[in-house]
Amino acid sequence: MPVEIMNGHDHSVSSQSLFAFGIAMILHGIIDGLLIGVFKEVEEITLLAITVIIHRIPEGYTVGLTFYKQEKNLLANKGHLVFFILYVLSSPVAIIVGASVQNSGGLTIVIV
């Protein structure tokens, strides 16, 4: 793991912190997706989807930059690549799951 020193401070991140950050961002994407998926009204879905997309742009940049600063060759680290794939797929898959649950009339998902 490269060590980055700026202004006399070590800005490197431990692998455990990076792992926790990756898991948190994946869970965040799942919650975003479930939130969109459980709504039925097109206007609500559209508004939420636009909001999440706008929110995910700087979020995705932050995730990518955080992992990039720790490992310059991201494709060489398969763990990082797995996190990226899971991060990218988390919201779309959760949207499908949320919509399926909502359409089946089964569980009611409450996100606080």
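Quick look at the numbers
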read-out: For segment 15-104: Kirkwood Rh in Å [reciprocal of mean 1/r, alpha carbons]; value: 13.8 Å
read-out: Relative contact order (%) - segment 15-104, alpha-carbon pairs under 8 angstrom, separation at least six; value: 56 percent
read-out: Chain lengthening between Ile85 and Ala24 when straightened (0.36 nm per residue, less Cα-Cα); value: 20.5 nm
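Just so you know, all these numbers are worked out from the coordinates, no wet-lab data involved. The structure displayed is predicted, hence computed values, not measured ones.
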